[in-house]
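Below you'll find the structure, written out as structure tokens, and then a few comments.
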Amino acid sequence: MKHASLPVTVHLFLLKDKRVLLVKRANTGFKDQEWSVPAGRLETGESILRAAVREAKEEVNARVRIKDISVPLVMCHQDKRGERLYFFFSCSKWTNELENLEPEKCSAMKWFLINKLPSNMVLHVSVALKALLSGKTYLECGFK
């Protein structure tokens with residue numbers, strides 16, 4: 001039996017007034033021109049919550065406190081790249097003015113009404129947002 005070695009990625013939904021902040025992916029080779037959220041891989045020796053805080057600061061200049069982050073939605077995801085473990089969090093409190101700090105990876109940043117998400121949103125991110133907002137804490141996506 002071969003044990004799985006899953007990459008771990010954190011995603012953070014920044015929410016305000018029934019809107020979510022989305023970033024448009026560019027020049028990454030994965031889902032370019034699709035809308036997503038601040039996200040990134042877990043670094044060695046880093047906790048999942050600290051990774052969410054780091055990614056928010058690195059990508060959109062949001063200074064988020066761990067105590068203001070929601071309980072996560074955990075998603076086991078499979079696609080042509082293999083299996084991955086995703087942690088999705090939401091947060092409605094942060095400091096600093098939001099700005100695109102990674103223009104080489106993000107061509108736009110925009111607020112969208114939660115009930116009017118763009119059609120070109122990364123599918124598993126869209127599915128996760130709806131699940132997280134409905135109170136779910138676990139989801140599988142892409143498995144047959």
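Below are the figures for this structure:
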quantity	calculated
Residues of the stretch 2-19 satisfying the condition of being hydroxyl-bearing (Ser, Thr, Tyr) and either surrounded by 13 or more Cβ atoms within 10 Å (Cβ to Cβ) or touching a residue at least 12 places away in the same chain (Cβ under 8 Å) (or both)	9
Qualifying residue in the stretch 113-121 (condition: out of contact with any Pro (no Cβ under 8 Å at 6 or more places or on another chain), surrounded by 15 or more Cβ atoms within 10 Å (Cβ to Cβ) and under 13 Å from residue 33 (Cα atoms))	yes
Residues that are part of a strand (DSSP E or B) and among the polar types (S, T, N, Q), drawn from the stretch 107-124	107
Matching residues in the stretch 4-63 - criterion: being of a type in the set (A, V, I, L, M) and part of a strand (DSSP E or B)	8, 10, 12, 14, 15, 20, 21, 22, 23, 39
Residues (of a type in the set (S, T, N, Q) and either in contact with a His (Cβ under 7 Å, 6 or more places away or on another chain) or surrounded by fewer than 19 Cβ atoms within 10 Å (Cβ to Cβ) (or both)) located in the stretch 69-91	70, 78
The stretch 58-77: number of residues that are within 15 Å of residue 138 (Cβ to Cβ) and either over 16 Å from the mean Cα position of the chain (by Cα) or of a type outside the set (A, V, I, L, M, F, W, C) (or both)	3
Tally, over the stretch 32-47, of residues that are in contact (Cβ under 8 Å) with a residue 12 or more places away in the chain and either surrounded by fewer than 16 Cβ atoms within 10 Å (Cβ to Cβ) or in contact with a helix residue (DSSP H, G or I) (Cβ under 7 Å, 6 or more places away or on another chain) (or both)	8
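Rundown of residues vs (1) basic (Lys, Arg); (2) surrounded by 12 or more Cβ atoms within 10 Å (Cβ to Cβ), yes/no style:
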{"position": "64", "(1), (2)": "no, yes"}
{"position": "93", "(1), (2)": "yes, yes"}
{"position": "107", "(1), (2)": "no, yes"}
{"position": "110", "(1), (2)": "yes, yes"}
{"position": "138", "(1), (2)": "no, no"}
{"position": "143", "(1), (2)": "no, no"}
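Throughout, read-outs are computed from the coordinates displayed, never taken from laboratory work. Predicted, not measured: the structure shown is a model, and the values here were computed from it. Using ideal geometry, Cβ is built from the backbone for each residue, glycine included, and neighbour counts are taken over all protein chains shown.
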